[in-house]
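Novice: Got a structure for you, written out below as structure tokens; questions coming shortly.
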Amino acid sequence: MAAGGLAGLLPAQTQLEYALLDADTPQEKENLVYQYLKKMDSRERDLTVPELGGDLQWLNTEGPISLHKDLCGKVVVLDFFTYCCINCLHLLPDLHALEHQYSDKDGLIIVGVHSAKFPNEKVLDNIKSAVLRYNIVHPVVNDADATLWHELEVSCWPTLVILGPRGNMLFSLVGEGHREKLFLFTSITLKFYKERGQIKDNSIGIKLYRDSLPPSPLLFPGKVAVDKSGERLVIADTGHHRILVTQKNGQILHTIGGPNSGRRDGRFSEAAFSSPQGIAIKNNTIYVADTENHLIRKIDLDLEMVTTVAGIGIQGVDKEGGAKGEEQPISSPWDVIFGNSISGTQEDDVLWIAMAGTHQVWALMLEGGKLPKGSDLKRGVCLRFAGSGNEENRNNAYPHKAGFAQPSGLALASEEPWTCLFVADSESSTVRTISLRDGAVKHLVGGERDPLNLFAFGDVDGAGINAKLQHPLGVTWDKKRKLLYVADSYNHKIKVVDPKMKNCATLAGTGEASNVIGSSFTQSTFNEPGGLCVEENGRLMYVADTNNHQIKVLDLETKILSMALPILNPEICDVPDNLPEQKDKIINLPKLPKSAPNVQLPSLTVGPGQTVQFLLKLTLPPDAKLNEEAPSSWFITAEDNTWLLQGRCLSGEIKDVSCQTVIPFQLPKSCLSAEALLAIKACLYYCSEGSSACMMKGISFSQPLQITSTNQGSLTQVELIHVF
């Protein structure tokens with residue numbers, strides 16, 4: 001048992017820390033740590049860590065791990081973290097570098113101990129998504145009740161605890177920014193115990209969760225933006241480290257960066273990003289919050305070039321700024337939006353930045369101008385606009401005295417009477433406003449009055465402080481209706497806020513983390529949506545449904561969640577002229593039983609390049625459910641018109657019949673005939689609960705197509721309904 005938890009380490013480690021401050025050379029520092037370990041190792045009683053409960057859930061391993069059995073003979077770094085916390089994310093590059101230098105064969109193991117702040121973070125599936133999103137490759141245990149946290153008396157995120165080969169506590173490091181000490185303490189500990197023959201070189205059963213994932217067009221998209229015309233979308237495909245520019249039907253126009261992380265300017269094919277988040281588009285220029293590179297990037301769609309306009313590529317600690325953009329260190333920018341200075345002559349002469357890493361809102365001057373309560377600034381200057389840098393929920397008439405807690409989303413209402421920025425302040429679970437007249441920071445909804453209480457979260461519709469949110473990451477302004485929409489991320493909902501009445505209500509989502517496209521907003525579900533945007537005309541809202549790896553489209557007039565946007569790759573979807581017919585691709589499709597009905601659909605008029613979305617809604621007999629062992633599927637055939645299918649995704653799995661299956665199909669841009677016939681077929685394997693018999697049933701829908709030479713609009717939807 002750990003006597004007094006981490007407090008037992010404090011006297012000896014404090015002494016060591018002071019001695020290290022006076023040490024001049026690396027050799028002196030190593031000697032001091034070595035002597036400290038001698039002293040700790042010869043203690044009468046080890047400060048030992050209690051065993052982790054056997055019922056805890058593990059990720060990235062072949063099974064549960066015992067600290068005292070499986071990790072005996074290893075130097076173990078315990079990382080107490082919670083996945084919402086920006087400081088915990090800042091620590092991950094240090095841990096990546098450490099596990100790159102020392103493997104389990106060398107005697108080192110890192111174990112992430114996930115100790116949740118928010119209720120949503122206790123759910124294993126949500127931690128899985130975070131492990132994938134942040135490329136965590138060491139074992140992670142879900143300590144949902146924070147048992148080990150309390151046993152060791154850990155007090156804040158992140159905290160590292162370094163253990164010796166007997167599970168004996170040796171060091172603790174609280175907060176971020178201790179890379180040098182982490183490497184020093186770990187390397188000398190490995191050396192010390194190797195000399196004593198106590199380090200074992202056996203492998204630990206690592207099984208990375210990411211290796212079991214199927215490929216997906218999008219991976220954890222964080223943000224989405226729409227241009228003024230409403231015809232182009234920009235998607236931060238965060239998990240693929242790239243930016244996509246698409247038509248509103250999902251057809252890809254530009255792929256910039258990806259699929260691996262990196263830091264490179266240059267042409268689209270050579271540029272590289274690292275987990276980009278916020279994006280802002282004006283005409284043919286896009287600005288990107290390149291979050292894990294700590295940069296702001298500029299994409300020129302005309303020149304097809306990427307350049308860096310702010311940041312130096314390493315995490316900054318400066319909380320004032322004022323240098324020229326590319327010389328100014330910044331920290332984890334999470335969102336960007338265009339705005340106006342108060343003295344500038346040009347529109348959109350400021351880029352506002354949600355600087356999550358320093359809990360502030362910054363400005364990058366795209367032209368010379370003046371900010372509220374500020375002096376004249378030159379073009380290219382990057383500086384703090386609001387926020388002291390303390391992690392707080394503090395409102396103040398003076399922007400520099402206000403406090404934010406990981407601001408992650410920005411929206412602008414430039415018109416009177418608002419003239420403000422809206423800020424999704426994730427760790428205080430609030431939405432705040434910053435006046436663009438005088439810089440005053442005010443509360444809008446969520447949280448509570450105590451500026452130091454960052455635990456006032458929930459899921460409550462209401463007004464002002466009575467409304468409760470849970471870690472909101474995105475906001476967008478609807479100019480037409482004068483309403484603000486909020487991605488209430490950890491409640492898996494989209495909320496709507498009337499800033500006049502300060503009223504906040506659920507617009508879409510049930511609160512359940514899943515992926516249902518229902519017949520109405522309130523029957524549809526999301527999974528940690530991170531960003532959203534509204535067309536200039538106020539018709540469509542696009543939501544980056546992050547953990548569902550989708551962009552969802554909400555029609556604000558009909559209140560129908562119309563679809564998940566299909567991401568259509570031109571290399572896959574365009575059919576080159578004179579391509580020889582390919583018949584080999586349809587050989588392995590299932591054969592429907594002879595009894596399968598064939599439903600004749602009315603003829604559909606379409607144009608070249610148009611997308612048709614087939615919405616498959618199948619109902620099983622009462623008390624029947626899909627057989628999970630046999631793969632139910634849909635597929636498309638076109639026996640006499642195989643040119644329709646070349647390069648197409650011809651089939652897909654049906655995992656759940658309680659919600660509709662969306663089947664996107666795009667016609668080639670070059671059509672060889674004015675008439676064609678498509679067959680959309682489904683093959684289901686299901687079992688009745690009361691019997692051991694399983695059935696295979698099929699259904700075929702015949703869709704005649706009349707192909708005209710004129711554009712029929714970007715998207716048509718066809719419902720395919722059948723009751724078995």
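The values are calculated or read from the model by the stated rules, or taken from the named source; none is laboratory data. Just so you know, these numbers come straight off a predicted model, no measurement behind them. Cβ atoms come from the backbone with ideal geometry, glycine included; neighbour counts cover every protein chain shown. All accessible areas refer to the heavy atoms of the entire protein, side chains included, with ligands and DNA or RNA removed. Shrake-Rupley method; radii C 1.70, N 1.55, O 1.52, S 1.80 Å.
Novice: Using a 1.4 angstrom probe on the protein heavy atoms only, could you order 109, 206, 337 from most to least accessible area?
Specialist: Ranking 109, 206, 337 by accessible area, largest first, yields 206, 337, 109.
Novice: Another question, if that's okay. So how do 568, 56 rank on accessible area, 1.4 Å probe, biggest first, that is with the largest at the start?
Specialist: 56, 568
Novice: How much accessible area does residue 150 have with a 1.4 Å probe, in Å² rounded to the nearest 10?
Specialist: Solvent-accessible area, nearest 10 Å²: 120 Å².
Novice: Taking a 1.4 Å probe, which of 264, 43 shows the most accessible area, and what order do the others take after it?
Specialist: The ordering from most to least exposed comes out as 264, 43.
Novice: Right, another one. Pairs of Cα atoms under 8 Å, at least six residues apart: use those to get the relative contact order of the chain, whole percent.
Specialist: Reported relative contact order: 7 percent.
Novice: With the other protein chains left in place, how much accessible area per residue, in square angstrom, belongs to the chain at a 1.4 angstrom probe?
Specialist: Normalised by residue count, the accessible surface of the chain is 41 Å².
Novice: Can you compute the modelled spin-label distance between residue 208 and residue 442, with each label point 7 Å from Cα toward Cβ, in nm?
Specialist: 5.0
Novice: Compute the relative contact order of the range 379-443 as a whole-number percentage, counting only Cα pairs closer than 8 Å that sit 6 or more residues apart in sequence.
Specialist: 28
Novice: Express the relative contact order of the range 6-211 as a whole percentage, based on alpha carbon pairs under 8 Å and six or more residues apart in sequence.
Specialist: Value for the range 6-211: 31 percent.
Novice: Apply 1/(1 + (r/R0)^6) to the Cβ-Cβ distance of residue 300 and residue 505, taking R0 = 41 Å, and write down the FRET efficiency to the nearest 0.05.
Specialist: Here the calculated transfer efficiency is 0.50.
Novice: Counting each DSSP H run of 4 or more residues in the chain as -39500 (n - 2.57), what helix-only mean residue ellipticity at 222 nm follows after dividing by all residues, to the nearest 500 deg cm²/dmol?
Specialist: Using -39500 (n - 2.57) per qualifying helix, the result is -3500 deg cm²/dmol.
Novice: For residue 285 and residue 260, what is the calculated FRET efficiency with R₀ set at 30 Å and r taken between the beta-carbons, to the nearest 0.05?
Specialist: 0.75
Novice: What are the lysines whose alpha-carbon lies under 25 Å from the alpha-carbon of residue 29, with same-chain residues fewer than 8 places away excluded?
Specialist: Cα-Cα hits under 25 Å: 38, 39, 74, 181, 191, 194.
Novice: May I ask you to list the aspartates and glutamates whose Cα is less than 14 Å away from that of residue 401, ignoring any residue fewer than eight positions away on the same chain?
Specialist: Leaving aside aspartates and glutamates fewer than 8 places away in the same chain, those within reach of residue 401 are 320, 391, 392, 438.
Novice: Moving to a separate point now. To the nearest 10 square angstrom, how much accessible area does residue 314 have with a 1.4 angstrom probe?
Specialist: Using a 1.4 Å probe on the heavy atoms, I get roughly 100 Å².
Novice: Carbon and sulfur: what percent of the chain's accessible surface (1.4 Å probe)?
Specialist: In the chain, the share of accessible area belonging to carbon and sulfur is 50 percent.
Novice: If the cut-off is 20 Å between C-alpha atoms, which aspartates and glutamates fall inside it for residue 298, apart from same-chain ones fewer than 8 positions away?
Specialist: Straight-distance partners of residue 298: 227, 237, 265, 270, 290, 326, 327, 335, 347, 348, 349, 367.
Novice: Quick check: residue separation of residue 68 and residue 719 times 0.36 nm, minus the Cα distance between them. What number comes out in nm?
Specialist: Taking residue 68 through residue 719 to full extension adds about 228.6 nm, to one decimal.
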